[in-house]
Amino acid sequence: MLRAVNRVLLGLGGAVLVCAGGAVLAAGLDLGVPSWWPWRGPDAVLLSESARRRWGWVVVIAVLAAVVLLALGWLLAQLRRPRLAEVLVDSRDGDSAVLRGRALEGAVEAEAEAVDGVSRARVRLTGRRTAPSARVSMLLEPHASPAEALARLRDGALRHARDSAGLPSLPTEAHLRAAKHPPRRVT
């Protein structure tokens with residue numbers, strides 16, 4: 001969802017900037033512009049002196065400030081780390097330990113790849129460090145049963161990860177793909 005919103009916003013922002021830049025370039029080069037054009041030629045001003053003294057500019061500045069704040073929020077959302085760096089493990093002695101997210105991802109990947117019929121597995125932890133969730137992508141061999149692979153993932157790798165990290169639950173989204181194989185030739 002966020003990726004689609006990013007593309008739409010980038011496309012709209014780019015179109016507005018290209019149009020505004022083209023309009024300024026056309027007026028600056030003194031090209032033929034329509035009669036309703038707000039400025040003509042390189043020496044023209046966009047607003048007259050009386051227009052700059054009206055209270056409407058307060059509204060324009062407020063709207064521009066809101067746009068800048070929204071753009072900063074959007075930028076911060078882009079800089080947010082999509083992958084969970086660490087998982088908080090309750091050691092049951094009043095303290096807590098920290099488990100690297102990549103280490104847990106690697107352990108789940110190795111155990112998932114050991115399942116018969118799984119040729120490759122990729123795991124990504126997301127969410128909060130106290131309540132992580134997992135995204136698992138598995139590439140299944142042609143002879144593999146998807147239901148069996150999911151059951152073994154759930155009962156094996158994910159249960160071990162949940163138990164070892166002391167998590168009450170580990171919500172998981174699994175994506176399964178079938179590996180392509182060359183056709184068999186009959187001779």
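Condition check for ASP30 on (1) free of Cβ contacts under 8 Å to residues at least 40 places away in the same chain; (2) open to solvent by 60 Å² or more (accessible area, probe 1.4 Å); (3) out of contact with any Pro (no Cβ under 7 Å at 6 or more places or on another chain): one failure, at (3).
No other residue among VAL16, VAL24 is more than 32 Å from the chain's Cα centre (by Cα) and open to solvent by 80 Å² or more (accessible area, probe 1.4 Å) apart from VAL24.
Looking only at residues that are in contact with a His (Cβ under 9 Å, 6 or more places away or on another chain) and open to solvent by 30 Å² or more (accessible area, probe 1.4 Å) in the range 133-187, which one is nearest to LEU84 (Cα to Cα)? Applying the filter and picking the extreme gives ARG135.
Scanning the range 106-127 for residues being farther than 20 Å from SER145 by Cα and in contact (Cβ under 8 Å) with a residue 24 or more places away in the chain gives a total of 5. ARG54 falls short on exactly one of the conditions (1) open to solvent by 100 Å² or more (accessible area, probe 1.4 Å); (2) within 30 Å of SER133 (Cα to Cα), and that condition is (2).
Quick check, is LEU64 open to solvent by 80 Å² or more (accessible area, probe 1.4 Å) and either under 35 Å from the mean Cα position of the chain (by Cα) or among the aromatic types (Phe, Trp, Tyr) (or both)? Here the answer is yes, as LEU64 does meet what is asked. Sub-9 Å Cβ pairs linking a first residue in the range 43-66 that is touching a residue at least 60 places away in the same chain (Cβ under 8 Å) and under 26 Å from ALA26 (Cα atoms) to a second residue that is open to solvent by 60 Å² or more (accessible area, probe 1.4 Å) and outside any loop (DSSP other than H, G, I, E, B), at least 6 apart or interchain, number zero. If you go through the range 151-181 and keep only what is farther than 15 Å from GLU109 by Cβ and part of a loop (DSSP other than H, G, I, E, B), you end up with GLY166, LEU167, PRO168, SER169, PRO171, ALA179, LYS180, HIS181. Note on the range 74-127: among residues that are β-branched (Val, Ile, Thr) and not in a helix (DSSP H, G or I), the one that is most open to solvent (accessible area, probe 1.4 Å) is VAL98. Does at least one position in the range 173-187 carry a residue that is β-branched (Val, Ile, Thr) and in contact with a helix residue (DSSP H, G or I) (Cβ under 8 Å, 6 or more places away or on another chain)? No, there is no match, as no residue in the range 173-187 is β-branched (Val, Ile, Thr) and in contact with a helix residue (DSSP H, G or I) (Cβ under 8 Å, 6 or more places away or on another chain). All conditions in (1) at pLDDT 80 or above; (2) assigned to a loop (DSSP other than H, G, I, E, B) hold for ASP43, with the sole exception of (1).
The values are calculated or read from the model by the stated rules, or taken from the named source; none is laboratory data. Predicted model, so just to flag it, every value in this text is computed and none were measured. Reconstructed Cβ throughout: ideal geometry from the backbone, glycine too, with neighbour counts over all protein chains shown. To get the accessible areas, we keep the full protein, side chains included, count just its heavy atoms, and leave off ligands, DNA and RNA. Shrake-Rupley method; radii C 1.70, N 1.55, O 1.52, S 1.80 Å.
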